[in-house]
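Notes to accompany the following structure.
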Amino acid sequence: MAVKKVIDLPCHGIIVTLYDDGSGNISSDLKEKCDFCGSVFCDMFCVDAQEEISNRDFEGQQEKRRKLREKANDNRIIDAYESFILACAYAGIDIESPMFIAAIEVTVDSHVNHC
């Protein structure tokens, strides 16, 4: 599988890689890492996170659960943003255009300010 194009966008560390076989991937600095295992793909349901929120002696257990759920939900929303950007790149939309970059910024800013 040969790389067709790598697009390094000037916002949020977004890097899109398109391959000749029609596949691709995207990475960014948008997702929050799990406080326990350090993965952005954890959804905060790793063994360590589950042990922490199930600990009956843990003060603020409900608040910790709520924060973990919020972080996991935010990461899922960011997955959708990233998938959309990747799909646009494959559809031939110029994702490097100033208008597209501005759209990414507005989307991320509105998510941060309203969630």
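First measure r as the distance between the Cβ atoms of Ile101 and Glu63, then evaluate 1/(1 + (r/R0)^6) with R0 = 25 Å and state the FRET efficiency to the nearest 0.05.
The pair Ile101/Glu63 has a calculated efficiency of 0.10.
Taking the Cα centre of the chain as origin and charging only Cβ (+1 Lys, Arg; -1 Asp, Glu), how large is the dipole, in debye to the nearest 20? Working shown, then result.
Working: 12 positive and 21 negative charges, 45 e Å.
For this selection, approximately 220 debye.
Work out how much length Ser23 to Asn113 would gain on full extension: take 0.36 nm times their residue separation and subtract the Cα-Cα distance, in nm to one decimal. Walk me through the numbers on the way to the answer.
Working: separation 90, 0.36 × 90 = 32.40 nm, distance 3.28 nm.
Full extension of this stretch gives 29.1 nm more.
Once every DSSP H run of n ≥ 4 in the chain is given -39500 (n - 2.57) and the sum is divided by its residues, what mean residue ellipticity at 222 nm do you get, rounded to the nearest 500 deg cm²/dmol? If you can, show how the numbers build up before the last one.
Numbers: 3 runs with 55 residues, N = 115.
About -16000 deg cm²/dmol.
Given 5 Å bins starting at zero, what is the percent of C-alpha pairs of the chain in each, up to the one with the largest pair distance?
Reading upward from the zero bin: 2, 11, 18, 18, 15, 12, 10, 7, 4, 2, 1.
Report, largest value first, the span of the C-alpha coordinates of the stretch 1-53 along each principal axis, in whole Å.
Its Cα atoms span 44, 25, 10 Å along the three principal axes.
Coordinate-derived values only; no laboratory data. Remember, it's a predicted structure, so these values are computed and weren't measured experimentally. Virtual Cβ from ideal backbone geometry, glycine too; neighbours counted across all protein chains shown.
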